[in-house]
Amino acid sequence: MRAEPAHPPAPGAAAGPSWRRWLLRYEVLLLLVLVVEWLLFYHFGTSVNRRGVTVGFGTLDRQFDILRHSCEIGLLALALTPVILTGGIDLSVGSLLGLCAVVFGGLTHALGLPLPVAAALTLVVGAVAGGLNAGLICQLRLPPLIVTLGTYSLFRGLAEAFTRGSVTYSDFPAGFLVLGQGRWGGLPVQAWLFLAVAVSVWIWIHRTVAGRACRVIGFAPEGARFAGIGVRGQLTAAYVAAGVIAALAALIYTSRLGQAKADAGLGYELFAITAVVLGGTSIFGGRGTVTGTLLGVAAIAVLKNGLATLPVVMRLNAAEELAGLLTGALLLAALAAGKLAERLRLSSVTG
Amino acid sequence: MNRWIREWSVVGVLALLLAYLAWRAPAFFQLQPLLSLLAREAPSLVVACGVAMVIIVRQIDISVGSQFSVCSVIAGLLAAAGWPLAAVVPVAVLIGGSLGLVNGLLVAWLGLPSIVVTLATLVALRQCLNLVRQGEFVNLPERIQWLGLSQSQGQWLLVGGAVGLVAVLAWGLRHLAAGRWLYAVGSDAEAARLAGIRPRAVTLGTFVLMGALTGIAAMMNVVQSPQVQPLTGSGLELKAIAAAVVGGVAISGGRGTVWGVLAGLLLLACISPAMVHLHIDAYWEKAIQGLIILAAVMVEGLRRRRNHAR
Amino acid sequence: MTRSFVVSCLLLSLASSLGWSAPDSKLLVALLPKSKGNAYFISCKAGSERAARDLGVELLFEGPVDSNAAKQNEIVENWITLGVDVIAVAAENREGISTALRKARREGIKVVTFDADAMPDARSFFVNQATPQGIGEALMDEAARLCGGEGEFAIICATLTAGNQREWQREIERRRQERHPGMKLVAVRPCDDLKDRAQSEATALMSAHPKLRLIMAICSPAVPGAAEAVKQAGKKGAVRVIGLGLPNENRRYVKEGVTDTVILWKTEDLGYLTVQAAVALAKGELKAGASTFKAGSLGEFRIEGDNILLGKPFLFNRDNIDQFDF
């Protein structure tokens, strides 16, 4: 943690390294939640079926499924972390995933472009879309929430208009499907991509000046400007990166399902934001870590998938509803606990 | 003019849209369909005003859609069980208010970020409803529809009621001390506290009011049809927030008017019927809606940029 | 950090020593609807539960809350790792779900589809309640009959992207071109499965198209929504409403004469037949090439190729709607 960037203390908080202790505590808390979840599901969600095969949560297949199912939302959460750190938000990532999926489908099917070219162009589309958000936010200085609310509708609308709502692209070559369905080096292929993105974002946020700038902007945009940070450049980078990562998620999504359709990624932005804030990133910006986001994604993914393996939940046929309920509860409990810990610590410092 | 540039730009875009409709599709302006449209949008207007107030105190409530559904379904079940309307309405308002109270307590007293709290209640309430109702409709007794009045009386009453409510809120926000507190807390909670305002109490009160308004809105919707679908109101939060921010309520708090919200909501509400009247294929709708939202807010940005450059 | 890691490792080994096993001799049948909140599938569920009781098998009924193709794949994959014996799916997206179903078949799980088919190589049988063609023809013929063969009509669908909705629209259009060229489709509007939105859409449609003769609602919440709009516009009889829906949601409008016809196969029977077929397949009693299938209390059904036919869609109207309660 040597090069951890200097972090402005929260208003009213005691100076000193307390924020670091808080972060550490919060992440440990989240890790504990994750471990408890995992153990509970391992214990109650694993069984031997009548063919004598061990099934349920405790199997390797199951763990890989969790990885594969949470990969796209995880990527979007990683994309959102820098954006939210700058005090912004990007509601358009889910829609952009849909747009990129059909663009990719159109490029490969309608235009017959080779896969690598189509994939590269899709990433470019993601970058351009992110650039559009960035342009409106930085050049016209409009609030990110409104801009991305507009592009949330716009990108999904373009995806629908592009396919006239009905065209579904499928029949992708096996070589492409490997990306979302195959394994490489023992792990699902997309896990490697996810890992690469996670490491890159981590380095960006925690090991570079640019990442530090993002936090400063989140804490005090005016202050950042006075401190000589190129606010526009940093913001543009964050939104463009979010666009590119959303496009990558679109490729993985398309490959995992073997189809590209205008409704891809519908509602994913909400899950991604949930994961980011569960990971301890302040929605007001300035505070947060990539590790936290990863833990947040994992906590939600394990909860969602694990519940589906519990015999009692399966008998109720209510895995999705319960997962929603518990995610909500978990979110509140985690944040309340974090808040409580902060208060306790403050009182111990001041009193 | 200068101060209300955002509101005026929305009104301008709305006027342009209406003018274009008057030219290309005058059938849009028939009284009965227009009255129906307005009556259908009256609940959304009430919710949007509530959301606007929450945003003015620098919070947000994205659970309104789920609150709306819960109020609608419970009110529907009570009405179906034979409760008189005079008892159902207060209960709906009470339920809305207590859901708002839960959000408010978590936000104001525990100090949790409102977007997170209401994200959690959005999901939790919706899933509870799914679990309990499994999507089944509630069939209402005849006397509930239009509050026992004739249809056009009922529709005028709803539209009038919504406009009246908006007028009261607008007046209250501008002229009542409690109304000014919202702006004070939204602009700078610490300064407000030093000025003798209790920011927590104001925030809590706003959430409760928001919930109560949602309860009223749910009733305004329930009385318009003889059945309640548990899914009703899903996606309402997005519409309400969009109406508020397009209508000039600053997401950073402390700024915005109810009249702006009215203009924002009318603009958003007109887009879909306008598509139908202009014979534009439905798959263009979301893209056009996005462009209109961006256009309505871009005026302000462009203007500020020009001022900045000057 | 280190300490918590050590503790978690300890707990982990403790938990693994407490391995959980619950061998279960009953056949495990898993039914995946397009959306479990939909009244149509709720009534399917009632039928499938009856069949499960009759046959003494265990039934799982799980699906997305909203129609969601990706979610369906996840559920199937959950079931694969769970090791169910047979899966019955109403496919939201034909190609999308087939990937997961093929995987299930490779693992030795039997697969049938119902309501909406997957790719033929991804399942053994399709329990065909009424082909998209059958539905399209029934809807279009009924519309033409009510309008006397000519006039404007509009469609309200769930979403623009839902697979079955597109398929039905294609069949409706094909039938229109072949048999009813006098009918003119003026608009297709989505309602997001929301009754309230369908009502608003229908109101706008009627005012934008004064010559509109009929609204065809092809998702179940849209039928009562459209009917309420017609009633409120005072256009009962002038604008007809037909659609795909359930008797209970539409009873009052059918009786008032606002909605003319609600078209539906008997959903309970569909659920019953699906589970019967799934179990017979898993037990090896139902094999490819069979020409009939005997499904418990419902009697015999014809098999055409690999489609088990439930029969023609049923038309509910004022005269017969009171015979049904679902």
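The values are calculated or read from the model by the stated rules, or taken from the named source; none is laboratory data. Please read these numbers as outputs of a predicted model, since none were measured by experiment. Note that each Cβ is placed from the backbone with ideal geometry, even for glycine, and that neighbours are counted across all protein chains shown.
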Next item on the list: Take the residues in region B:141-158 that are surrounded by 20 or more Cβ atoms within 10 Å (Cβ to Cβ) and more than 10 Å from every other protein chain (Cβ to nearest Cβ), then tell me which one is farthest from B:Pro43 (Cα to Cα).
Entry: B:Ile144
Next item on the list: Only residues that are under 26 Å from the mean Cα position of the chain (by Cα), surrounded by fewer than 19 Cβ atoms within 10 Å (Cβ to Cβ) and either facing chain C (nearest Cβ under 9 Å) or among the basic types (Lys, Arg) (or both): list them for region A:167-181, please.
Entry: A:Leu177
Item checked: Residue check for A:Ala191: away from chain C (no Cβ under 14 Å), under 26 Å from A:Ala118 (Cα atoms), exposed (fewer than 14 other Cβ atoms within 10 Å of the Cβ) and modelled with pLDDT of 90 or more -> no
Next item on the list: Using the structure shown, decide if A:Ala159 is of a type in the set (A, V, I, L, M, F, W, C), more than 12 Å from chain B (Cβ to nearest Cβ), within 30 Å of A:Gln234 (Cβ to Cβ) and assigned to a helix (DSSP H, G or I).
Entry: no
Check: Of the conditions (1) of a type outside the set (S, T, N, Q); (2) more than 16 Å from A:Val93 (Cα to Cα); (3) surrounded by 24 or more Cβ atoms within 10 Å (Cβ to Cβ), A:Ala249 fails just one. Which one is it?
Finding: (2)
Note to self: Take A:Thr327 and tell me if it is in a helix (DSSP H, G or I), within 11 Å of chain B (Cβ to nearest Cβ) and hydroxyl-bearing (Ser, Thr, Tyr).
What the structure shows: yes
Check: What number of residues in region B:289-310 are among the aliphatic types (A, V, I, L, M), without any contact (Cβ under 8 Å) to a residue 24 or more places away in the chain and facing another protein chain (nearest Cβ under 7 Å)?
Finding: 4
Check: Among the residues of region C:148-164, is there at least one that is assigned to a helix (DSSP H, G or I), touching a strand residue (DSSP E or B) at 6+ places or on another chain (Cβ under 6 Å) and surrounded by fewer than 23 Cβ atoms within 10 Å (Cβ to Cβ)?
Finding: no
Next item on the list: Might you check whether a residue that is surrounded by fewer than 17 Cβ atoms within 10 Å (Cβ to Cβ), in contact with a helix residue (DSSP H, G or I) (Cβ under 9 Å, 6 or more places away or on another chain) and at positive phi occurs anywhere in region B:121-135?
Entry: no
Note to self: For B:Met298, only one of the following conditions fails: (1) of a type outside the set (D, E, K, R); (2) more than 24 Å from B:Val168 (Cα to Cα); (3) touching a strand residue (DSSP E or B) at 6+ places or on another chain (Cβ under 8 Å). What is its number?
What the structure shows: (3)
Notebook entry, point to check: Do we find a residue being within 14 Å of chain C (Cβ to nearest Cβ), buried (at least 18 other Cβ atoms within 10 Å of the Cβ), on the phi < 0 side of the Ramachandran plot and under 14 Å from the mean Cα position of the chain (by Cα) anywhere in region B:18-39?
Noted result: yes
Next item on the list: For region B:205-229, enumerate the residues that are in a helix (DSSP H, G or I), within 11 Å of chain C (Cβ to nearest Cβ) and among the polar types (S, T, N, Q).
Entry: B:Asn221
